[in-house]
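A short write-up of the structure that comes next.
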Amino acid sequence: MARLALVAVGVAVLAALPLVVSAYTVSLLISILAYVSLATAWAFFSGRTRYISLATAAFVGIGTYTVALLGDHLPLPLVLAIAPVVGFAVAFGVGLSTLRLSGVYFVIFTFGLAELIKQLVIWFEINQTKTLARYIFVNAGGTLIYELLLAIAAVVIGGVWWLSQARLGYALRVIGEDEMVARHAGIDTTRVKVLVFAATSAVMSLVGAVLSLRYTYVDPNIAFNSLVAFQVLIMALLGGVGRPWGPALGAVPLVLLFELLSGTFPHHFGIALGLCFVIIVYYLPGGLMGLVDRVRGRAP
Amino acid sequence: MVLFEAILSGVLVGGMYGLIALGLNLQYGIARMMNLAYGETLMGGAFTAFWFLTLWRIDPLASLLFSVPVAFCGNWLIYRYLLTPLVRRAANRDVLEADTILVTFGLLFVFQGVALVQWGGEYRGYTYLAVPVHVLGATVALNRVLAFVAAVALALALYWLLRATRLGGALRAIAIDPVAAQLVAIDVPRLSALAFAAGGAIMAVAGTLVSMFLSFNASIGIVYTLKALIVVIMGGVGRMLGCLAAGLILGVAEALGAYLVDPGLTLAINFALFLLVLLVRPQGLFSRG
Amino acid sequence: MQRRTVLKGGVSLLAAAGAPMVARAQAPKSIRIGYAVSLSGPYAPGAQSTTWSQYKLWAKDVNDAGGIFLKKHDRKVPIELIDYDDRSQIEEAIRLVERLILNDKVDLVLPPWGTATNLATAPVFNKHEYPAIHYTASAMRVRQLGPRWPYSFWALVQPDNGTEPLAAMCAQLKKEGKIKGRIAIMHVADQLGVEMATAMVDACKKAAVEVVYNKSYPLGVSDLQPQIREVMALEPDAFFCFSYPTDTFMVTEQAQVVGFSPPIFYTGVGTPFPAYVAKFGAKKNGVLLYGAVDTTAPGQKEYIERHKAMFNRGVEIGSIGTYGTLQILQKAIEQVGEIDRKKIRDAIASGTFETIADVYTFKDQVHQTAWAVGQWQGDEVVGIYPADKRGAKPLMFPKPKW
């Protein structure tokens, strides 16, 4: 109970931050919170079941386009409610059709899917609207976006923490270890996988929708940016996918590292970032969570 | 006639897809290393050809004498000194895969960053063998034909090597089960390094040939890595002829799609076909089991 | 804020007392100018050659001359550049502009590279009232954005201005009986390509010339021959491809291979690049292209020399144009005589600026008479349309066969 109170106080402090810090810090926090939510959601499905998805960009993009298409016509809360529903529906269909795939096949399938969706959106826009540009003139300041993302991040991490201790988290882990065993243990693997995939994808769409409020200008290449998928994957792997806090622990330092490097070594960003990755893999096996465990003296 | 030329044009593009995927098929299919920095070797080969031609008027084909050994040694060093420690410490294949993805993702940034600093980011291209060849009344460019011929020759050579030689047998054993291969006295680390290095060498060839008809720049590598991955997965991991066939199918589908449906949909058709193949045959078109 | 007010008060007081020496002592040590452009990622090729290199060269030129003259302090003040890499990501670009303004508290911010990045960061510039002359951005929408974004200026030709002269040219040639007036359009499926093609179709409708083909192809396509063949079969006498560098090179090479050589052959971004010259040599003669500069503009020759000395490569019209926008900024600052962003904005909005690329004036914040169409004539890109501009040359027609 004391821990819960501590967390509540922590969230309250974070929520009050925009009152005291500069707008630039808020924008940095926005990035951190967005990636915390994305990485946590991603890891809850992909990290546990070992179905590595590269479709993150597709679901973020679906959220972005929901705002771009509906932002002018519907009130903002309604648009933000629709985005995750669309993401859920698409992911549900995808989940059902990809059940037979596993390992690297699933990875590449999800990548191909994201690219296919992007190509189709491009084609649709060209033939329907005769332009690729969409403009989002929703009146949302940095603070509102920050508070929304904070709420999402709190709910997602809390939800993942709670579900990890519930039957569902256990079921996911068994699926990740051996799907056959999971089935024999009476787990409806299909239902668990598809529902969790769809739910975590809905979170991604919601994050994409909220982030797009900052954009003004959107086109498919921005909305469906495959780099986002890779970054989320790297963050989760860096943090460690096994624990509720792991992905968040990977996202925070990486966003800060990106920020530091792009300011300090603007011309050598790639080199510096690449070397950081190599060093992390060799000197931080098991991700940052593994390091935390070792410091605490627990077995990894 | 136009239809025939469209198909022929697609076949040539398909050959190029097969060509860029062959090396990855060796690295991932045989040496079992997911190398995200794979496309950077292509970028290196392309830049080598470009600089040799622009600075010293050396024929791009002759530049292969330089870029292929360099790519071979470079990839061998990467395998030996960066990836082998990961193989040794990995508790299981999942951990190894996650580690290699992270390390090679890092290498991708390093190589791309070095190329950007060294050569700048602008587009490069040169004209070489851009002469029309007439095949049964249709016209195609000689440089594209050359890439196609190289793809077919390399795919057949690798197929023969893997199927008909002792070395090939050992390599296939590694691909199927490295632990068991070790038990039957196959030098797994050495042969894996060899396969990985050979994959890099083939990518240097692909880079040289592709640079003859497609412009490139320092950030182009990842595009080819992802394209190669799709072809490898579609054709079946470790299957050399499957790889070529998958490339051809994608190329012809693109060309037919452009001609019969809408050129704006070529890439969409490409991805849709790939996804469909995966759904119907999850292990790739030409894999058993 | 407080300190600045005190400073300003102090300066005017001392100036009134006729003590210029003291005023000079209080002049800023440097004018701090920041920017975030794509130094890595997919936008890096364009951003490096067109934008980043020009920022560097301009800063060097200004500082070699001692700096920008600030009347108020009666002295030249050098420029200090603060550069960031937005990694070709919109989200980063937005945040880095905020970082420059709020954290680094720079005096001015230069715009990023690319239509998308410029449009996405424009609200930040305007929110904090930082003037920006956007060069690498072209979209129909900017014409409506003026009142919303008073601090944004658009220096490049926009899709409608960029295509109307092309349609008019075809109509004229048709009237003279030189072409039949069958127009084929191909375009890359990216924002600029799509908007140019759409504007071109509209312009052709108005000019009563027939569009026999108009289709897109995806960015990153690896073969355009089937499409070129389809176009060829329709026997157009004017071919317009609103393309990006990779496909500009590809469509030109493949048109040569299959022998497609209509009397009017136009390609988009990439046509004036040094790489294009290296690749196609004399065959470039007569090819029409997107944008141009005034080759007779004073100072351009010297600029090209300096550019070559600094980067050891040729220039392209985009980089000359970008450099021109920096000269506008410099002149506006010198007119105002101090770093007062509101006044600088007003100076840009109302002035006429002679630069090495063009004479720029902004009406409704858009450079309405921007160079629309250029052409390779010999070894030079010359401006063709608008035909009434200084330095405009007559159209070379027909384009020589490949």
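The values are calculated or read from the model by the stated rules, or taken from the named source; none is laboratory data. None of these values were measured; they are calculated from a predicted model. No Cβ is skipped: glycine too gets one built from the backbone with ideal geometry, and neighbour counts run over all protein chains shown. Heavy atoms of the whole protein, side chains included, go into the accessibility calculation; ligands, DNA and RNA do not. Shrake-Rupley method; radii C 1.70, N 1.55, O 1.52, S 1.80 Å.
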Among (1) in a loop (DSSP other than H, G, I, E, B); (2) open to solvent by less than 10 Å² (accessible area, probe 1.4 Å), there is one condition C:A197 misses while meeting the rest; what is its number? (1)
Only one of A:A199, A:A209 is in contact (Cβ under 8 Å) with a residue 24 or more places away in the chain, more than 11 Å from chain C (Cβ to nearest Cβ), surrounded by fewer than 24 Cβ atoms within 10 Å (Cβ to Cβ) and not aromatic (F, W, Y), namely A:A199
In the stretch B:247-255, is there at least one residue being of a type outside the set (A, V, I, L, M) and away from chain A (no Cβ under 14 Å)? yes
Give the residue, chosen from B:L53, B:L77, B:L64, B:L108, that is under 21 Å from the mean Cα position of the chain (by Cα), within 27 Å of B:F213 (Cα to Cα) and at pLDDT 95 or above. B:L64
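For residues that are open to solvent by less than 30 Å² (accessible area, probe 1.4 Å) and farther than 30 Å from C:R75 by Cβ, tally how many sit in the stretch C:359-388.
Taking the stretch C:359-388 and keeping what is open to solvent by less than 30 Å² (accessible area, probe 1.4 Å), we get C:360, C:362, C:365-367, C:370-376, C:381-384.
Add one more test, that the residue is farther than 30 Å from C:R75 by Cβ, and what stays is C:365-367, C:370-376, C:381-384.
Total meeting the criteria: 14.
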Per the list (1) outside any helix (DSSP H, G or I); (2) over 29 Å from A:D293 (Cα atoms); (3) touching a Pro at 6+ places or on another chain (Cβ under 9 Å), residue check on A:S205 breaks on (1)
Restricting the search to the stretch A:165-189, which residues are open to solvent by 60 Å² or more (accessible area, probe 1.4 Å) and under 14 Å from A:F45 (Cα atoms)? A:Y170, A:R173, A:E177
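Of the residues C:I356, C:I317, which single one is within 24 Å of C:S138 (Cα to Cα), touching a helix residue (DSSP H, G or I) at 6+ places or on another chain (Cβ under 6 Å) and in contact (Cβ under 8 Å) with a residue 24 or more places away in the chain?
Sole residue among the options that is within 24 Å of C:S138 (Cα to Cα), touching a helix residue (DSSP H, G or I) at 6+ places or on another chain (Cβ under 6 Å) and in contact (Cβ under 8 Å) with a residue 24 or more places away in the chain: C:I356.
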Got at least one residue in the stretch C:94-103 being under 28 Å from C:G193 (Cα atoms) and in contact with a Gly (Cβ under 6 Å, 6 or more places away or on another chain)? no
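I need a count of the residues in the stretch C:161-170 that are open to solvent by less than 30 Å² (accessible area, probe 1.4 Å) and either of a type in the set (D, E) or outside any helix (DSSP H, G or I) (or both).
Residues of the stretch C:161-170 that are open to solvent by less than 30 Å² (accessible area, probe 1.4 Å), as a first pass: C:162-163, C:165-167, C:169-170.
If we keep only those that are either of a type in the set (D, E) or outside any helix (DSSP H, G or I) (or both) too, we end up with none.
Of the residues in that region, 0 qualify.
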The lone exception for B:V103 - which of (1) over 30 Å from A:L233 (Cα atoms); (2) in a helix (DSSP H, G or I); (3) aliphatic (A, V, I, L, M); (4) open to solvent by less than 40 Å² (accessible area, probe 1.4 Å) it fails: (1)
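How many of the residues making up the stretch C:64-87 are of a type outside the set (F, W, Y) and open to solvent by 60 Å² or more (accessible area, probe 1.4 Å)? Break it down into steps so the answer makes sense when it comes.
If we filter the stretch C:64-87 for residues that are of a type outside the set (F, W, Y), which is where we start, we get C:64-68, C:70-83, C:85-87.
Next cut, open to solvent by 60 Å² or more (accessible area, probe 1.4 Å) only: C:64, C:71-72, C:74-76, C:80.
Residues flagged as of a type outside the set (F, W, Y) and open to solvent by 60 Å² or more (accessible area, probe 1.4 Å) within the stretch C:64-87 amount to 7.
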Please go through (1) away from every other protein chain (no Cβ under 14 Å); (2) open to solvent by less than 20 Å² (accessible area, probe 1.4 Å) for B:S211 and return the number of the only condition it doesn't satisfy. (1)
Are any residues in the stretch B:115-148 more than 23 Å from the chain's Cα centre (by Cα) and of a type in the set (A, V, I, L, M), and if so, which ones? B:V117, B:V131, B:V133, B:V135, B:L136, B:A138
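Hey, could you check the stretch B:216-252 for residues that are of a type in the set (S, T, Y) and assigned to a helix (DSSP H, G or I) and say which is farthest from B:G29 (Cα to Cα)? Please lay out each step first, then the result.
In the first step, residues of the stretch B:216-252 are kept if they are of a type in the set (S, T, Y); the result is B:219, B:224-225.
After this cut, where a residue has to be assigned to a helix (DSSP H, G or I) as well, the list is B:224-225.
On the way: B:Y224: 17, B:T225: 14 Å.
Once the filter is applied, the top-ranked residue is B:Y224.
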Residues (open to solvent by less than 20 Å² (accessible area, probe 1.4 Å), over 18 Å from B:F148 (Cβ atoms) and touching a Phe, Trp or Tyr at 6+ places or on another chain (Cβ under 7 Å)) located in the stretch B:222-259: B:T225, B:I230, B:V232, B:I233, B:M234, B:G236
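Residues are listed down the side, and each one gets a yes or a no for (1) open to solvent by 40 Å² or more (accessible area, probe 1.4 Å); (2) in a helix (DSSP H, G or I); (3) more than 10 Å from chain A (Cβ to nearest Cβ):
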{"position": "C:W113", "(1), (2), (3)": "yes, no, yes"}
{"position": "C:V124", "(1), (2), (3)": "no, yes, no"}
{"position": "C:R143", "(1), (2), (3)": "yes, yes, yes"}
{"position": "C:P147", "(1), (2), (3)": "yes, no, yes"}
{"position": "C:Q172", "(1), (2), (3)": "yes, yes, yes"}
{"position": "C:I179", "(1), (2), (3)": "no, no, yes"}
{"position": "C:A184", "(1), (2), (3)": "no, no, yes"}
{"position": "C:H187", "(1), (2), (3)": "no, no, no"}
Please determine whether any residue of the stretch A:254-272 is surrounded by fewer than 20 Cβ atoms within 10 Å (Cβ to Cβ), touching a residue at least 60 places away in the same chain (Cβ under 8 Å) and either under 20 Å from C:D85 (Cα atoms) or out of contact with any strand residue (DSSP E or B) (no Cβ under 7 Å at 6 or more places or on another chain) (or both). yes
Taking the condition part of a helix (DSSP H, G or I), open to solvent by less than 40 Å² (accessible area, probe 1.4 Å), closer than 23 Å to B:G113 by Cα and touching an Asp or Glu at 6+ places or on another chain (Cβ under 6 Å), does A:V281 pass? yes
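Looking only at the stretch A:266-274, decide whether some residue is away from chain B (no Cβ under 11 Å) and out of contact with any Pro (no Cβ under 6 Å at 6 or more places or on another chain). Give the derivation first.
Just the residues of the stretch A:266-274 that are away from chain B (no Cβ under 11 Å), to begin with: A:266.
Adding the requirement that they be out of contact with any Pro (no Cβ under 6 Å at 6 or more places or on another chain) leaves A:266.
Looking for residues that are away from chain B (no Cβ under 11 Å) and out of contact with any Pro (no Cβ under 6 Å at 6 or more places or on another chain), one finds at least one in the stretch A:266-274, hence yes.
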Find the residue count for the stretch A:275-300, including only residues that are closer than 30 Å to C:S49 by Cα and either more than 8 Å from every other protein chain (Cβ to nearest Cβ) or modelled with pLDDT under 85 (or both). 2
Restricting to the stretch B:265-289, and then to whatever is open to solvent by 10 Å² or more (accessible area, probe 1.4 Å), part of a loop (DSSP other than H, G, I, E, B) and not basic (K, R), can you tell me which residue is nearest to the other protein chains (Cβ to nearest Cβ)? B:P282
Evaluation of B:I30 against (1) open to solvent by 30 Å² or more (accessible area, probe 1.4 Å); (2) modelled with pLDDT under 95 (one fails), failing number: (1)
When (1) within 9 Å of chain B (Cβ to nearest Cβ); (2) part of a loop (DSSP other than H, G, I, E, B) are applied to A:Q119, the one that fails is (2)
Every residue in the stretch C:206-241 that is crowded, with 23+ Cβ neighbours inside 10 Å and over 23 Å from A:W123 (Cβ atoms), please. C:V209, C:P236, C:A238
Please work out if B:Q27 is in a helix (DSSP H, G or I) and within 19 Å of the chain's Cα centre (by Cα). yes
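For the stretch B:255-264, what are the residues that are part of a helix (DSSP H, G or I) and either closer than 21 Å to B:F4 by Cβ or among the acidic types (D, E) (or both)? Working first, answer last.
Let us first name the residues in the stretch B:255-264 that are part of a helix (DSSP H, G or I), namely B:255-261, B:263-264.
Matches in the stretch B:255-264: B:A255, B:L256, B:G257, B:A258, B:Y259, B:L260, B:V261, B:P263.
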Close pairs from the stretch C:201-221: first within 17 Å of C:M186 (Cβ to Cβ) and away from chain B (no Cβ under 14 Å), partner of a type in the set (G, A, S) and outside any loop (DSSP other than H, G, I, E, B), Cβ under 6 Å, at least 6 apart: C:A203/C:A167; C:C204/C:A167; C:V209/C:A171; C:V212/C:A184
